[in-house]
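In what follows, a single structure is set out as C-alpha cells and then discussed.
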Amino acid sequence: MAYGDFEEKLEMVKCFLHDSREMLDAVEPQIIAMEEKALTVGEIDEAILNAIFRLFHSLKGSAAFLDLQTIISVTHEAETLLDIFRSGQAVIEPTHVDLLIRTTDFIRNILDVVEQQLNDEGYEESATGIIADLKKTIVNVLEEQEPAAEGQPAPRLPEEETAVAAEAGEFIAPANNIDLGMDITPEILKRFAEESNELLDEVESTLLALEKAPGDLESATAACRALHSLKGNAGFLGYPDMEEISRCGENLLGQIKEQKKNCDPVVVSFLLIAIDILREGVRQVEAGCEPELPGKQEVCAYLEKLAAEGSSQKERGNEEKSNKANKETVATGEAKAEVKEKQTGAGGGQAIRVDLDKLDKLLDLVGELVISEAMVANNPDLKGLQLDRFEKAVLQLDKITRDIQEVAMSMRMIPLSGTFRKMKRLVRDLAHKAGKKVSLEIIGEETEVDKTIIEQISDPLVHLIRNAVDHGLEGAAERLAAGKPETGRVTLEARHSAGEVWIIVEDDGRGLDREKIIKKGIEKDLISSEDHEMKDEKIWKMIFEPGFSTTEQISNISGRGVGMDVVKRNIEKLRGKVDVRSRPGAGAVFAVRIPLTLAIIEGMVVKVGASRYIIPINSIKESLQPKAGQITRTPGGLEIVSIRDELLPVIRLHDLYQVKTNCLDLGEGILTVVENDEKKCCLFVDEVIGQQQIVIKGLSSYLGHVQSISGCAILGDGDISMILDIDDLIMSAEQVKR
C-alpha cells in the first residue's frame, strides 16, 4: 500500500465498516417501505426518502475521509438519483427500487474488500456497470423516458470474488497463539488495549501540538515517553509488529527532542500514520486476534529514513556544542514533565477501572432508590400521623439518597477532552482538503458530561465543525481582501450553565447569508415572500430543514443540504437544542445546549382530574392563577392570557388527553407558564402538587408515539406519571395560534 493511502484511512476504518454495515441494514427496509407506499398511495413518502438519502450521503462522506473512490463514485450517483426523486421531477418505480437494492448489495460486497485490504482498489471495473446503470436511469427519469430495460442488469461482483473477499476479510487469529510461557488472560489483554488507546491519544495530541510549535521539546519528550511505554507493553505480550512500529516512532521522536531533526509536516504526517496503524493493532487485540498490520514495513522503513536524515544533518553541524545545549534542554524538559506527572498524581488520588455495565447498573439502582425513598416518604398509610422521628429520618434518608445519586452520576461523568481532541485531527484533515489555513481553539475540554451524551454528541460536532471549515471560513485570498488574518479560526468551547452543558462551535468566517437563506426558504415553500422581515432567529432555523443548502457547488465534503438536519435530530434525541447567532463578515456561532444527564431530572408534579403529569423544572417560568381581565377568547376558540403585556396561548391538558375534571374555569385552576427556545405557552392544570426528583423511564414500544409525551416516571405512591414534552406542546400551540 502506498504511503498516501494511509492518510485519513486507518483511523476511521473500524468505525467506517461498522457504521456502514449498520446503515446498509437500515436503508434496505426503508427502500422497500418507500416502494410499498409509492405503489399503494401513489406518492413518495418524503420522510422515508429523506432518510434514505441521508444514509447514502453519510456513507459517501465517511468513504471520502478514507479516500475510498469506488464507494464514493457509486454512492454519489445513487445520491443524484435520489435527489431527483426528492425534487419531485420523477415518480419512483419498481425498476428504480431494484437498482437501489443492487447498489446496496454492491457496496456491502465492497465493504468486505475494504476489511481485507483497507482500500477498495481493484474493483473499479466491477463498479463501472452499476455506475453506468445509475447514470442511464438518471438521464431517463429526467427525460421522462422508460427506465433501463430489465434485460440489462448491471454486472455484480462475481460470487467467487465475493466469497474470497469475505473469507479474506476475517481477521481471525486466536489470541492464545501467543506463547510467552505464561497465561495471557482476557483481563490482561483488555488492560493492554485500554492503556494503549490512552497512550496513542496522548501521542496524537502532542504531535498536533508539536506541528504548530516545532521547538516545543516538552511535547516531543511526552510523545517519546508514551511510545516507549507502548513499545514495552507490546514486547511483553509478544506483539513484535506493534513493538517495531513503536520503536521506529520513538527513535524519530528522539531525534526531534535532541534537535537533530526538524519537526515538519511530513514528519508529523508519517508519525500519525504510524499511530493509526498501532490503533488498528489495538483494535485487533480487543477483538481477540493476533495483530496483523498492513503497511508496517513501509512505514517503519520511512520512519527510520527520516531518523537517519536527522543524524546526518547533525553530524554536519557543530556536534559538540549542539549536543551540550541539547542535553541541557532535554534534561530540563524531562525534569519539568516528571514534576508535572508527580503533581498530577499527588492531586489526583488513586483510580481503578470499572466496567461501564456496572456503572449503568449502579445508576439504575440509584434510580430505584430515589423512587423507593419517595414511596416511603409519601406513604398514604402515614398521612395525618404525627411522626416527628420518622420525618427526621426521612429527611436524613433524602439527603443520603441525593448524595449517593450525585456520586453515582459523577462516576459516569467523562471529560469532553477525548471527543474534542478528535476534532483537532478532523479540522486538520478538512483544512488540507479545502486548501485553507485553519486553527482550532479548544476551551473547556475538561468539562464533564454523562457518558451517554459523549457517545451521541460526536456526530453532531463533526457536522458543525465541517460546516464551519467548509462553508463558514473563507479562503486565504478572500480573508486577506476583507482585512482578516490569512488563517481562519474555529473555536470549540464547553461549559456548564444552569443544569445544562453548552457546547459552542464558533468561526470568524463570512457568517450566514440571510438573503440566500430567505431565497432558498421561499423556493422550498418554508416561508412566503411576505416573511422577508422576520427575525434572524427564525431565518437561521431554516438551515436545519432536510435538504436545505445554499451551496451552489456539491463536493465530497458537503453541499447536498444534509448535515445540519442530522445535528438537529441528534441533539433533540438528547433533549437538547441548538441556538444560532451570526453577523455578516464576522462569523457564526452554534451553541448546543444539552442536559447534564439523561437519567434523572428535577420535575414539577401537577394534577389534572385524577391524573398527574410531570413538567421538567427547567422549562417552567412561573405559575399563577389568572384574573378574568387577563383572559381573551378569539373568534376561532383560542384562549389567550395577557401576562405583563405578553399574550400567551393556553393549552388545556384535560382537553388534550381527554381527562375528566371539575376544574374548567381558567380562574379556578393554575396556569403554568413554560418556555422553550424563547417561545412560551400556558398549561392549564387543576393544581400544582410539588417538586421532586424524577427518574425517567422510556415508554414501551407497543404504545407508539404519544402526543407531547417524552417518557414516564414512577411517583412516590407507586403510580405512573407521564413526563410532558414541552417543546412539542409549544409547537402545537404555535400551530393553533397561526
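The values are calculated or read from the model by the stated rules, or taken from the named source; none is laboratory data. Predicted, not measured: the structure shown is a model, and the values here were computed from it. Here the Cβ is made from the backbone with ideal geometry for all residues, glycine too, and neighbour counts use every protein chain on show.
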Residue set Leu382, Leu397, Leu363, Leu356; condition out of contact with any Leu (no Cβ under 9 Å at 6 or more places or on another chain) and modelled with pLDDT of 85 or more; output residue Leu397
Single residue of Leu666, Leu647 found to be modelled with pLDDT of 85 or more and assigned to a strand (DSSP E or B):
Leu647
Being part of a strand (DSSP E or B), out of contact with any Gly (no Cβ under 8 Å at 6 or more places or on another chain) and surrounded by 20 or more Cβ atoms within 10 Å (Cβ to Cβ) is the filter here, so list the residues in the stretch 571-606 that pass it.
Val578, Phe590, Ile601, Gly603, Val606
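For residues that are crowded, with 19+ Cβ neighbours inside 10 Å and not hydroxyl-bearing (Ser, Thr, Tyr), tally how many sit in the stretch 191-217. Don't jump to the end; show me each part of the working.
Taking the stretch 191-217 first, the residues crowded, with 19+ Cβ neighbours inside 10 Å are 192, 196, 199-200, 203-207, 210-211, 217.
Okay, now just the ones that are also not hydroxyl-bearing (Ser, Thr, Tyr), so 192, 199-200, 203-204, 207, 210-211, 217.
The qualifying residues number 9.
Yes/no per residue for (1) without any contact (Cβ under 8 Å) to a residue 40 or more places away in the chain; (2) closer than 16 Å to Ala26 by Cα; (3) of a type in the set (Asp, Glu); (4) surrounded by 21 or more Cβ atoms within 10 Å (Cβ to Cβ):
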residue: Ala47; (1), (2), (3), (4): yes, yes, no, no
residue: Arg54; (1), (2), (3), (4): no, yes, no, yes
residue: His57; (1), (2), (3), (4): no, yes, no, yes
residue: Glu115; (1), (2), (3), (4): no, no, yes, no
residue: Gly122; (1), (2), (3), (4): yes, no, no, no
Just to be sure before I move on: is Lys484 basic (Lys, Arg) and part of a loop (DSSP other than H, G, I, E, B) in the structure I sent?
yes
Residue within the stretch 264-280 that is in a loop (DSSP other than H, G, I, E, B), closer than 25 Å to Phe192 by Cα and modelled with pLDDT of 55 or more present:
no
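With the structure loaded, tell me whether Glu446 is touching a Lys or Arg at 6+ places or on another chain (Cβ under 8 Å) and outside any helix (DSSP H, G or I) or whether it fails that test.
Working: touching a Lys or Arg at 6+ places or on another chain (Cβ under 8 Å): no; outside any helix (DSSP H, G or I): yes.
Judged against the criteria, Glu446 is not a match.
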Of all residues in the stretch 625-671, how many are on the phi > 0 side of the Ramachandran plot and either over 40 Å from the mean Cα position of the chain (by Cα) or surrounded by 16 or more Cβ atoms within 10 Å (Cβ to Cβ) (or both)?
3
Tell me, yes or no, whether the stretch 519-527 has at least one residue that is in contact with a Pro (Cβ under 9 Å, 6 or more places away or on another chain), over 22 Å from Glu734 (Cα atoms) and either at pLDDT 70 or above or not aliphatic (A, V, I, L, M) (or both).
no
